[in-house]
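I have placed the structure first, in the form of structure tokens, so that the comments after it can refer back to it.
The values are calculated or read from the model by the stated rules, or taken from the named source; none is laboratory data. Since the structure is predicted, the reported quantities are computational estimates derived from the model, not experimental observations. Backbone-built Cβ (ideal geometry, glycine too); neighbour counts: all protein chains shown. Note: accessible area is taken over every heavy atom of the protein model, side chains too, but ligands, DNA and RNA are not part of it. Shrake-Rupley method; radii C 1.70, N 1.55, O 1.52, S 1.80 Å.
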Amino acid sequence: MILATSGHVDHGKSSLVKSLTGRDTMRLPEEKKRGLTIDLGFAYQTFADGEVIGYVDVPGHEKFIHNMVAGVMGIESVLLVVAADDGVMPQTSEHLVILELLEVRSLTVAVTKIDAVSSERAAEVSLQVGELLSSKGYGDVGIFCVSSLTGQGIEALKRHLVDLAKKRRPIDAEHNFRMPIDRCFTLSGVGIIVTGTAIAGSVQVGDRLTISPSGISVRVRSIRAQNESADLGLAGERLGINIVGVGLKLADVLGRGQTLTAPAAHVSTNRFHAKVRLLGTEARPLRSRSKVHLHIGTADVVAKVVPLERDAMLPGTASLVQIDCEREIAPLWGDKFLLRDASASRTIGGGSVIDPLPAMEGRRAPGLLNALRAMELKDPSRAIRALADEKMDGVDVGAFERDRNLQTMASQAIRELPLKWVEADDCLVALSARNWDELCDRAVRGLEAFHMKYPDQPGLSEHQLRKKIAMDFDRSVFSASVRSMVRMGLFQLRGTYLQLHHYEARLDVKEEAAWDKISRILDVDTNCPPRVVEIASELEMPPDSIRNLLVRVSKCGFVIPVADNRFFLPKTMQRVSDIRDDLAMRRELSVIAFKEAAGIGRNLAVVLLEYWDRVGVTRRRGNYRMIIR
């Protein structure tokens, strides 16, 4: 278990940790000189049964509140220290507000310096602290009167902390590893060391990790967990990790404010959506684009808050907001954060992240608030179903799992939900049954309306149908949805046109007669149908008239325009496509190989290959081509 101290300056936090562990947490010369904790200090306590408790000793002075916040972020248990002579002081109250905003629910209270006061005074302060905690919603909190000087009450406090450690919640294995970095330094002969409290997942020696938000890739060379050498580090443990990387320098890591993560949990953003609570003690509303200090993970970033539900937040209220940061950070869903005013002199509120990577569609986008309320749901299965109901264009499942830092087991549970799954080129999208039915209905009605208005046209291209019924859809997602509808038999794809079944674009009588003659000429046994000028010569017609008619017929799906002077019947195109695919499978699709295999000239071979490049079937790599669709 990791336990952070909390409390007013000079209330004996560091002395208490030393009494519990035998270690002095003041490591900086300035701290020892002034007798004042400035930065985070660390100590460990190992018990006979092997239980290890790690302590993060935080500063109590208001000038170093940013260090205090970095120390308690992601920690589930806190030791609140109140001196018996002073009682509850300003930083006691502010630290308690911070813990409340960060949703730290496991508290133990140590009333210190009881050797300097009467037993009546110690009891009075204990009662005072108990009433304060009750008013904040903290129920059964252990309160221990102790003296670091005489040792009175220390053993009872130790026993309580060991019991607390044994009752801690089991490690959640459904998340990827994440550890906000609070220290970074080098050791001679070892290299770069980063330390922090792991807030999710596990890490092993040899793992590949990413420093977020910078995106630097590193490897784990060694681990110290709870101050002991280890091969494995778990969420809830205090870790020191020796990292290595190609050309990695200490300046690259940057230290506090970065997060060491599994690659799947890496994000980098300067904007996110969240739910924020503004403290009722604030004297005025929080207006749009108010400047604040954002504390998230171990980062302290200047940011602006934009309320989404109204123009300003009133004191004592909660609201969905957009937060714009001055530099990149690495938040994920559910991360708690703290807001302090522009001068960083007081805590004004806090909240939790809902959408770490919002779409750049504007804070007034239709449906945004409903979508955020769906994303706010804690259970991933409920959240993705509610979100799929709200988003007509579906939910990117990979992004949803990344934002929530979900691993395989949770992902599998999500993919068993009764949703419509659409596999696009680079993502899996989930649509609700209602929205899928609506999309299918729109597509069919769109084609019906087009056929009625333009009976001489073959149908709509995929791009035209998307513009007509679903401009809010990603291109690849819509394309995959259309392919699914074709497989379902809602309509058909003829050539490059979508059309309803049994629909035929009509040619007039004169065009039909001319096409009948042209199709006979194009229907050859070889892979080299005649060019437009050759057809025109045989029929004694102007080449432009032949070309215009072939273009018209191609829109009906009866012929494929490969070039201005080359048109292929579908069955001829199928033959040369089979040859192309066979060569591509053997990685031999070059101009020379295709020309010889198809029995055609070099010019026609180049025309066909460039046509397939143009329509996105192949892609050229040097002298060879590969099939991409």
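Give the residue, chosen from 466, 483, that is surrounded by fewer than 20 Cβ atoms within 10 Å (Cβ to Cβ) and part of a helix (DSSP H, G or I).
Details: 466 fails: surrounded by fewer than 20 Cβ atoms within 10 Å (Cβ to Cβ).
Every option except 483 fails the conditions.
Take region 205-218 and flag every residue that is open to solvent by 60 Å² or more (accessible area, probe 1.4 Å) and assigned to a strand (DSSP E or B). Correct list: 208, 217.
Can you tell me how many residues within region 548-570 are touching a residue at least 12 places away in the same chain (Cβ under 8 Å), outside any loop (DSSP other than H, G, I, E, B) and either in contact with a helix residue (DSSP H, G or I) (Cβ under 9 Å, 6 or more places away or on another chain) or closer than 19 Å to residue 456 by Cβ (or both)?
Looking only at region 548-570, we keep the residues that are touching a residue at least 12 places away in the same chain (Cβ under 8 Å), and these are 549-550, 552-560, 562-570.
Retained after the next criterion (residues that are outside any loop (DSSP other than H, G, I, E, B)): 549-550, 552-554, 560, 562-563, 566-568, 570.
Still in the list and also either in contact with a helix residue (DSSP H, G or I) (Cβ under 9 Å, 6 or more places away or on another chain) or closer than 19 Å to residue 456 by Cβ (or both): 549-550, 552-554, 560, 562-563, 566-568.
Count: 11.
Taking residue 314 as the residue in question, decide whether it is at pLDDT 95 or above, open to solvent by 20 Å² or more (accessible area, probe 1.4 Å) and closer than 11 Å to residue 278 by Cα. Here the answer is yes, as residue 314 does meet what is asked. Inclusion of residue 543 among residues that are at pLDDT 90 or above, surrounded by 12 or more Cβ atoms within 10 Å (Cβ to Cβ) and within 23 Å of residue 599 (Cβ to Cβ) is not warranted. Cβ-Cβ distances below 7 Å connect the following pairs, each with a first residue in region 384-400 that is in contact (Cβ under 8 Å) with a residue 60 or more places away in the chain, a second residue that is part of a helix (DSSP H, G or I), and a separation of six or more residues or different chains: 392/435; 393/477; 394/388; 394/477.
Screening region 219-238 for residues that are among the acidic types (Asp, Glu) and surrounded by fewer than 20 Cβ atoms within 10 Å (Cβ to Cβ) and picking the one that is nearest to residue 72 (Cα to Cα) gives 228.
Could you go through region 50-64 and let me know if any residue there is open to solvent by 30 Å² or more (accessible area, probe 1.4 Å) and without any contact (Cβ under 8 Å) to a residue 12 or more places away in the chain. Talk me through it step by step, then tell me what you get.
Going residue by residue through region 50-64, those that are open to solvent by 30 Å² or more (accessible area, probe 1.4 Å) are 50-51, 61-64.
From the residues that got through so far, the ones that are without any contact (Cβ under 8 Å) to a residue 12 or more places away in the chain too are 50, 63.
Yes, that holds for at least one residue.
Per the listing 3, 16, the residue uniquely part of a helix (DSSP H, G or I) and either closer than 21 Å to residue 199 by Cβ or at pLDDT 70 or above (or both) is 16.
Per the conditions (1) without any contact (Cβ under 8 Å) to a residue 24 or more places away in the chain; (2) part of a strand (DSSP E or B); (3) open to solvent by 40 Å² or more (accessible area, probe 1.4 Å), the sole criterion not satisfied by residue 189 is (2).
Please verify whether region 85-103 includes one or more residues that are open to solvent by less than 10 Å² (accessible area, probe 1.4 Å), of a type in the set (Gly, Ala, Ser) and either touching a Lys or Arg at 6+ places or on another chain (Cβ under 7 Å) or modelled with pLDDT under 85 (or both). No. Taking the criterion of being small (Gly, Ala, Ser), outside any strand (DSSP E or B) and more than 34 Å from the chain's Cα centre (by Cα), the residues of region 61-94 that qualify are 84, 87, 93.
Going by the conditions given, is residue 247 under 30 Å from residue 349 (Cβ atoms) and not in a strand (DSSP E or B)? I'd like the intermediate steps shown before the answer.
On the way: under 30 Å from residue 349 (Cβ atoms): no; not in a strand (DSSP E or B): yes.
So residue 247 fails the test.
One line per residue, one yes/no per condition, for (1) among the hydroxyl-bearing types (Ser, Thr, Tyr); (2) touching an Asp or Glu at 6+ places or on another chain (Cβ under 9 Å); (3) surrounded by 21 or more Cβ atoms within 10 Å (Cβ to Cβ):
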{"position": "289", "(1), (2), (3)": "no, yes, no"}
{"position": "292", "(1), (2), (3)": "no, yes, yes"}
{"position": "296", "(1), (2), (3)": "no, yes, yes"}
{"position": "323", "(1), (2), (3)": "no, no, yes"}
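When the test is whether a residue is in contact with a Gly (Cβ under 6 Å, 6 or more places away or on another chain), under 28 Å from residue 176 (Cα atoms) and not small (Gly, Ala, Ser), residue 377 does not pass it.
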